[in-house]
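Can you keep this structure in mind? I'll have questions shortly.
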Amino acid sequence: MNPMKEHRTNNEDAKETNGKPGTRRDRPKAKPRMQRGQTIMRDKTIKRIIYGGDYNPNQWPREIWKEDMRIFKDAHINSATVNVFSWAKIQPSEECYRFEELDDIIEMLSRENYDIVLATSTGALPAWMAKRYPEVERTDWDGKHKKYGERHNACPNSPIFQKYSARLAGKLAERYGSNPHVKCWHISNEYGGICYCERCEKAFRVWLREKYGTLENLNKAWNTEFWGHTFYDWDEIVVPNALGEGLWNGGTAFAGISIDYNRFNSDGMLKNYMAERDAIRRFDKDALITTNLMGTYKGLDYFKWAKEMDVVSWDHYPSYNTPWSYSAMCHDLMRGLKDQPFMLMEQTPSQQNWQPYNSLKKPGQMRMQSYQTIAHGADSIQFFQLRRSVGGCEKFHGAVIGHAGTEDTRVFREVQELGGELEQLSDAVLGSRNEAEVGIVFDWDNYWGLEYTSGPTVDLKYVDQIHTYYEYFYKNNIPVDMVPYDADFSRYKMIVAPVLYMVKAGMKEALEAFVQNGGVLITTYMSGIVDQSDNVYLGGYPGPLRKLSGIWVEEIDALAPEQSNGVHFADGSSSSCNLVCERIHLEGAECLGTYETDFYAGEPAVTRNSFGKGTVYYIGTQLAQEGREHLLEMICRDAGVQSLVEVPTGLEVVCRQKDNKKLYFLLNFQKEPIAVPKQFWGYEDLLTGKSITGEAVLKQYGVSIVATDAS
């Protein structure tokens, strides 16, 4: 069945040609696979773990396509993401669309029973558009207007880009949306970047009018009395780049303006996504629609984006020295965006090409990385790329089929092995979910605000601080959900909110209600400092969290990299500390640890406050690992938060649940073999079909998957 070939457009401003751009020639009609008027059954349900990746047959002669189908079948590949960067080929001029080659690609994949992820191609402009409409290109931080090149090269507020990108998405959906093999639409690609052109400046003023209503409100929010920046006309507002409020070091003179511009840019790109999504929905009501996100990417508020996505997908590219705990945190964040399983849209089967040091993945590493991804909530494993490109800046990026063009490679054999295993696991994995008792707050406004602030130290980085606390739960196999600032906290026993610098409207009340009803809250230095416009809460830090935490902070000392202090705990143990030291006064809280040196020696560094039925822990300095682990172990014990394993182990253990079954993933990232915990003895390893015995060990990159009853 090839229903997409039945769709022909009648739009005169979008002629489809089979010859040179701008000409019309009749195309021989393909023999229909079905009778006209026959109902097309469009089952868009995904019934297996999607296994495949970015495929660019348009870059290769057609004789290669047939060979690809044979090789991919041997690898158990069941999906392909196509058309990611084909805008220029599909639309060679303003009024010319050519779908012949894509027709054949879609037909081939449909015939092979692939689950197709069909991209809209709008992640890179065609050259004719930049030539005819140069204003469609972006203007950078330094105020330079770009010429044609690279990708992510469109101004998000360009009417030309908005017109043609949505039109293309609609034409693709009209043509291919009835194909039951098109299971997912992939809009654009890795949205990112920012534009500072005059059109964005005008659009920013409109966005500000809608947000603030009056200049009086805006001036108050931005505290424009500082440096005499009061605005008396909307047209006086300029974009905060290097020509305006931007500082020499990439910072900003007015964080309120710059944070709002980040919000505006995120919203603008989201509108681009939504315009393409809505164009697709007119013709395809059933397929999933997504775009590939990038983990902790700073530029876009992914929690806001996720509300407009059917399913979250993301691209995972750890470097040679990325901690596996960081990868796990990113997976949990992607799952947390919609609180549901996600798609892994891209990973490399072996190595990247764009990092400073592009190491090969060791034997077994790709397989284990894939299972870690599934363990933390993925329902797909997809690669960039399926066949290695001949030229361009990604020609040395890893692929299932390398430049040798053969399946007789280590990488292919590992892809093949994993594909065979995933075929057997689909029923067990699909429909399962991750459950957690701990929620860690991740918030893009805090991300922007904390890193725009001038002081107390340049070494204070938001994601690093979040990971510092996540790492403890990871090492102890305690499941974690990454949650937004407005999550339903009542689902958790414990909420961890490190460096909660910006406390937005409603959060104070939500946290107080959570603790009042028996929850445990952990927060840290640089929390409760500013409101959503980056204006300081007066009356003493931590501002709106002062009553809740039972303390107030008088001063914040910054420690240079070569400096440190120490904390002596009430139980007699001690730990070094660095980065910042807050001078804390008790207002009902009890002191759990005091500073050892400097003029604030003996003053509180760590406190605990009872509030209603719950407890708040405030950590006023960056504790060394041993001190942080000592403290968190005590807090988890008091909160009743438990590990997935009965006895500590060096394995990573993750659990997904489905109906009355628990699916445990046991992963060894360590160099030495590790024994399988006793609680799993006697159960079947789903990967080997054998019962796990007391002698069972997992070597480095070893994996076991065990199903048990939920009770």
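The values are calculated or read from the model by the stated rules, or taken from the named source; none is laboratory data. Source: prediction; values computed, not measured. Cβ: placed from backbone, ideal geometry, glycine included. Neighbour counts: every protein chain shown. Side chains included, ligands, DNA and RNA excluded: accessible areas come from the protein's heavy atoms. Shrake-Rupley method; radii C 1.70, N 1.55, O 1.52, S 1.80 Å.
Taking all protein chains as present, what is the carbon and sulfur share of the accessible area of the chain, in % to the nearest whole number, probe 1.4 Å?
The value for the chain is 49 percent carbon and sulfur by accessible area.
Turning to a different aspect of this structure: When the solvent-accessible surface of protein heavy atoms is calculated with a 1.4 angstrom probe, in what order do 304, 220 fall, highest first?
Most to least solvent-accessible, the answer reads 220, 304.
Which lysines does residue 147 reach when only Cα atoms under 19 Å apart count, and residues fewer than 8 places away in its own chain are ignored?
131
Oh, and also: In the full protein assembly as shown, how much of residue 44 is accessible to a 1.4 Å probe, in Å² to the nearest 10?
In the full protein context, residue 44 sits at about 20 Å².
My understanding is that a pair violates if its Cα-Cα distance is over 21 Å; which of 73/183; 362/461; 678/699; 304/613 do that in this structure?
362/461; 304/613
How large is the Kirkwood hydrodynamic radius of region 157-218, counting all unique pairs of alpha carbons, in Å?
Working: mean 1/r = 0.0672 Å⁻¹.
About 14.9 Å for region 157-218.
Read phi for every residue in region 664-670 and hand back ³J(HN,Hα) as whole Hz from Karplus 6.51 cos²θ - 1.76 cosθ + 1.60, θ = phi - 60°, with x for Gly and Pro.
So the Karplus estimates, Gly and Pro as x, are 9, 9, 10, 10, 10, 9, 8 Hz.
Need the list of aspartates and glutamates near residue 661 for cross-linking: C-alpha distance under 19 angstrom, and skip anything on the same chain fewer than eight residues off.
Partners found: 379, 427, 435, 437, 646, 684, 685, 709.
Let me ask something else. If amide hydrogens are placed 1.01 Å from N in the peptide plane, which non-local residues have theirs closer than 5 Å to the one on residue 566?
It is 577, 596, 597, by chain and number.
Which value, in Å² and to the nearest 10, is the accessible area of residue 62 when all protein chains are kept and the probe is 1.4 Å?
120 Å²
For the chain, what is the mean residue ellipticity at 222 nm derived from helices alone (per DSSP H run of n ≥ 4: -39500 (n - 2.57); sum divided by total residues; nearest 500 deg cm²/dmol)?
Dividing the helical sum by the residues of the chain leaves -9000 deg cm²/dmol.
Go through 235, 488, 267, 284 and list them by solvent-accessible area, largest first, probe radius 1.4 Å.
Highest to lowest solvent-accessible surface, that is 235, 488, 267, 284.
In terms of solvent-accessible area of protein heavy atoms at a 1.4 angstrom probe, what is the ranking of 693, 649, 524, highest value first?
Numbers: 693 65, 649 30, 524 0 Å².
Order by accessible area, largest first: 693, 649, 524.
Could you report the chain's accessible area per residue, 1.4 Å probe, as an integer in Å²?
Here the per-residue accessible area is 42 Å².
Moving on to the next point. Once the whole set of protein chains is in place, how much accessible area is left on residue 504, using a 1.4 Å probe, in Å² to the nearest 10?
20 Å²
Next question. Going down the list 47/508; 171/338; 44/146; 307/547, which pairs span over 31 Å between their C-alpha atoms?
As for pairs spanning more than 31 Å Cα to Cα, those are 47/508; 44/146; 307/547.
Now a separate question. How large is the convex hull of the Cα atoms of the chain per residue, expressed in Å³ as a whole number?
Spelled out: Cα convex hull of the chain, divided by residues, is 178 Å³.
Multiplying the sequence separation of residue 647 and residue 613 by 0.36 nm and subtracting their Cα-Cα distance, what value in nm do you get?
My answer for the length gained is 9.3 nm.
What number comes out for the charge environment of residue 246, summing +1 per Lys or Arg and -1 per Asp or Glu over other residues with Cβ under 13 Å away? Kindly include the intermediate steps, with their values, before the conclusion.
On the way: positive: none; negative: 140, 142, 245.
Neighbourhood net charge equals -3.
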